[in-house]
Amino acid sequence: MISIDNLHVEFSARPLYDHVSFVINNRDRIALVGKNGAGKSTLLKIIYGEQSPTSGTVSIPNETTIGYLPQVMKLQDNTTVKEEALKAFSGTLSIQEEIGRMQQELAERSDYESEEYMQLVEEFTSMQERFQMLGGEQYEAETERTLQGLGFKRTDFGRPTAEFSGGWRMRIELAKILLKKPDVLLLDEPTNHLDIESIQWLEQYIAQSSCAVILVSHDRAFINNVTNRTIEITCGHIEDYKVKYDEYVVLRKERREQQIRAYENQQKEIAETKAFIDRFRYQATKAIQVQQRIRQLEKIVPVEIDEIDTSALRLKFPPCLRSGDYPVICDEVEKTYAHNVFKNVNLIIKRGEKVAFVGKNGEGKSTLVKCIMNEIPFGGTLKIGHNIHIGYFAQNQAQMLDENLTVFETIDRVAKGEIRLRINDILGAFMFGGEASEKKVKFLSGGERSRLAMIRLLLEPVNLLILDEPTNHLDMQSKDILKEAIKAFDGTAIIVSHDREFLDGLAEKIYEFGGGRVREYIGGIYDWIKEHEAAAPALSIQKTAEKASVAENMQKQEEKSTPSDSDIMSYAERKERMKQISRIEKQIAETEKQIAEKEKQLSELDSLLCNPDNASDMELVSKYTEVQSLLEKEMEKWEELSVRLEEIKI
């Protein structure tokens, strides 16, 4: 579909990437990975056409459409939520207006036998067909479903976009992109402002979509659930893995070990060659051999090792005084603004517990945290236990740093004991390595300040940690370091997060915020998700009823707007119905052909894997898994098409 050929990008003396080539195929789901600054976002911009490479080409077929969600967007303030989302259907709405005009003209004219009238009928039929291919009257219902899937309530649809925070407005832009149904979807950190339910909805949407996807994300669970291919930008080139992220991590570790062995062997060879040259440089009898060794040395291409792996780095919170048995007790706590945020909140957090606050955005998670910190007034009783020292990471915590200090000085002032010897290692693990440690705080971006505030918190002696969205600006490695530090923490932790992988194995109790209530769940994050999925059938029935109601209303409106005495509409409808049946039957035939091919491939691969010599061939195993996944998708597609065909024929 899209071909990237010999791409070269330079911003400084060292190229960002050099002679990079790969192809994006139909239905590819690609995770773009690499350390911060490797050029992931830049590559998305180049593919979208927002930025030009130093050299090389990006070949995109003329009919291919691309949807791009950047990290920072220019947003509109002069419309409502629904009006802004409906802009995705500007072309469809124009066609609908034209159909209405033609329909009115057909109803008013009486020259049924004239050539002009029949030409108008043909144009009307063609326009109707195009309109139906674009989704027809379903665009409004589809817009509402997408907005609701991304967390908006029906009461939000008529609200001005200016009333929403940047995170919610990002969701509106994401809705517009998804509703346009592009052939290729480029997503740069799409989950940063989504709650768990919205992330799961987006996962399902991508799974059911036929578009190709390239995404940059630090949400490990999300990219594992969505992608089937991983492209790593490393050392100025790319490594292409035809596997999802978790499998890539294993393969990457093996590759790095091979690189280290190759590097060590090369260094040994270089040292021996140099020793020979130094030893025999001035002996005439060895002059030819010395010159040969010098030429050999000049021709050696240095083995590059992927960026330094600091996963072995372990942080531990400094010791602190033992707290009381119950750090936090809430008794009938409630908070009301213009509406009731929550009420009758009763919870007890015991010493040493690691708990998570989860739920949709705006349901009161951060509000209860502010109540615990006594930053805002509230109703009821909230007690903080004896001898509690709180370490608080708020979403605005970065603004409290001293802007005149450097990054290194900020950490050096709170580090105690032997940890001071490892400050540079810690800064490097959180993407402040090298010259970045000497930058002053006032020159840091918002994300960099948040990371620095997190490092500072990790080095302070506290016994109650309260972390509000701590992972938003951390890469996977930094998140792993933070997670291990919290797991080893002797004190109590309250974590507000939508990152499932981060919470998994960390939080042992879940508090769900929603509908003005706070419910307690004993168990981990995936236990809570399973309990929600168990309740999904009731929700599905409700959504089906809503869709049926919307379809019924739309049918009534269509019948109302269509002239009942016109034979033209019945002719157009019959023609459209026959075309739809023919189109779906062709798609079913093509799908059956694909199923037969995939089953044949699986049979051949199965025969190969039955051979003991191939049992450990990871490439064959990976290929078998990939083909099996494609077969399952084709089977699902065949079932969907068969159901649609039956519905149309009824």
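The values are calculated or read from the model by the stated rules, or taken from the named source; none is laboratory data. If you're wondering where the values come from, they're calculated on a predicted model, not measured in any experiment. Note that each Cβ is placed from the backbone with ideal geometry, even for glycine, and that neighbours are counted across all protein chains shown. Each accessible area value is taken on the protein alone, full model and side chains, heavy atoms only, with ligands, DNA and RNA left out. Shrake-Rupley method; radii C 1.70, N 1.55, O 1.52, S 1.80 Å.
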Applying the selection to region 270-298, what residues are part of a helix (DSSP H, G or I) and either basic (Lys, Arg) or in contact (Cβ under 8 Å) with a residue 24 or more places away in the chain (or both)? ILE270, THR273, LYS274, ARG279, LYS286, ARG293, ARG295, LEU297
In this structure, does ILE376 turn out to be open to solvent by less than 40 Å² (accessible area, probe 1.4 Å) and either out of contact with any strand residue (DSSP E or B) (no Cβ under 7 Å at 6 or more places or on another chain) or not in a helix (DSSP H, G or I) (or both)? yes
Flag for SER540 being open to solvent by 10 Å² or more (accessible area, probe 1.4 Å) and modelled with pLDDT under 85: yes
Can you tell me which of LYS370, LYS383, LYS360 is charged (D, E, K, R) and under 18 Å from ARG519 (Cα atoms)? LYS360
Would you mind stating whether GLU129 is among the acidic types (Asp, Glu) and out of contact with any Asp or Glu (no Cβ under 9 Å at 6 or more places or on another chain)? no
Neighbours by Cβ (under 7 Å, 6+ apart or cross-chain): first from region 107-125, closer than 20 Å to MET578 by Cα; second of a type in the set (D, E, K, R) and outside any loop (DSSP other than H, G, I, E, B): THR125/LYS575
Counting only residues in region 202-219 that are assigned to a loop (DSSP other than H, G, I, E, B) and either hydrophobic (A, V, I, L, M, F, W, C) or in contact (Cβ under 8 Å) with a residue 60 or more places away in the chain (or both), the one nearest to LEU474 (Cα to Cα) is identified as HIS218
From the set of residues in region 254-309 that are within 28 Å of LEU427 (Cβ to Cβ) and of a type in the set (A, V, I, L, M, F, W, C), which is most open to solvent (accessible area, probe 1.4 Å)? ILE308
Test set (1) surrounded by 12 or more Cβ atoms within 10 Å (Cβ to Cβ); (2) under 27 Å from GLU203 (Cβ atoms) - GLY166 fails condition number: (1)
Can you tell me which condition HIS193 does not meet? The list is (1) more than 30 Å from GLU105 (Cβ to Cβ); (2) in contact with a helix residue (DSSP H, G or I) (Cβ under 6 Å, 6 or more places away or on another chain); (3) open to solvent by less than 30 Å² (accessible area, probe 1.4 Å), and all the others hold. (3)
Any residue that is assigned to a loop (DSSP other than H, G, I, E, B), out of contact with any Phe, Trp or Tyr (no Cβ under 7 Å at 6 or more places or on another chain) and either hydroxyl-bearing (Ser, Thr, Tyr) or loosely packed, with under 14 Cβ neighbours inside 10 Å (or both) - is there at least one of those in region 80-103? no
Just a yes or no: is a residue in region 105-113 open to solvent by less than 50 Å² (accessible area, probe 1.4 Å) and of a type in the set (A, V, I, L, M)? yes
When the residues of region 220-241 are narrowed to those that are modelled with pLDDT of 90 or more and in a loop (DSSP other than H, G, I, E, B), which ends up surrounded by the most Cβ atoms within 10 Å (Cβ to Cβ)? THR227
Hey, MET118 of a type in the set (A, V, I, L, M), open to solvent by 30 Å² or more (accessible area, probe 1.4 Å), in a helix (DSSP H, G or I) and modelled with pLDDT of 75 or more or not: yes
Return yes when PHE513 is open to solvent by less than 20 Å² (accessible area, probe 1.4 Å), at pLDDT 85 or above, closer than 30 Å to LYS153 by Cβ and assigned to a strand (DSSP E or B) and no when it is not. yes
Condition test on GLY385, is it open to solvent by less than 30 Å² (accessible area, probe 1.4 Å) and in contact with a strand residue (DSSP E or B) (Cβ under 8 Å, 6 or more places away or on another chain)? yes
Failed condition for PHE432, given (1) outside any loop (DSSP other than H, G, I, E, B); (2) farther than 17 Å from LEU465 by Cβ, with all others met? (1)
With respect to LEU186, is the statement that it is more than 20 Å from ASP28 (Cα to Cα), crowded, with 17+ Cβ neighbours inside 10 Å and touching a residue at least 40 places away in the same chain (Cβ under 8 Å) true? no
Please find, among ARG145, ARG229, the residue that is more than 12 Å from the chain's Cα centre (by Cα), within 22 Å of LEU86 (Cα to Cα) and not β-branched (Val, Ile, Thr). ARG145
Residue check, ILE568 at pLDDT below 70, in contact with a helix residue (DSSP H, G or I) (Cβ under 8 Å, 6 or more places away or on another chain) and buried (at least 16 other Cβ atoms within 10 Å of the Cβ): yes
Among residues of region 421-439, those that are open to solvent by 70 Å² or more (accessible area, probe 1.4 Å) and either of a type in the set (Ser, Thr, Tyr) or in contact with an Asp or Glu (Cβ under 7 Å, 6 or more places away or on another chain) (or both), counted: 0
Scan region 464-480 and report the pairs whose first residue is within 15 Å of ASN192 (Cβ to Cβ) and whose second residue is acidic (Asp, Glu), with Cβ atoms within less than 6 Å and a gap of 6+ or a chain change. THR471/ASP499
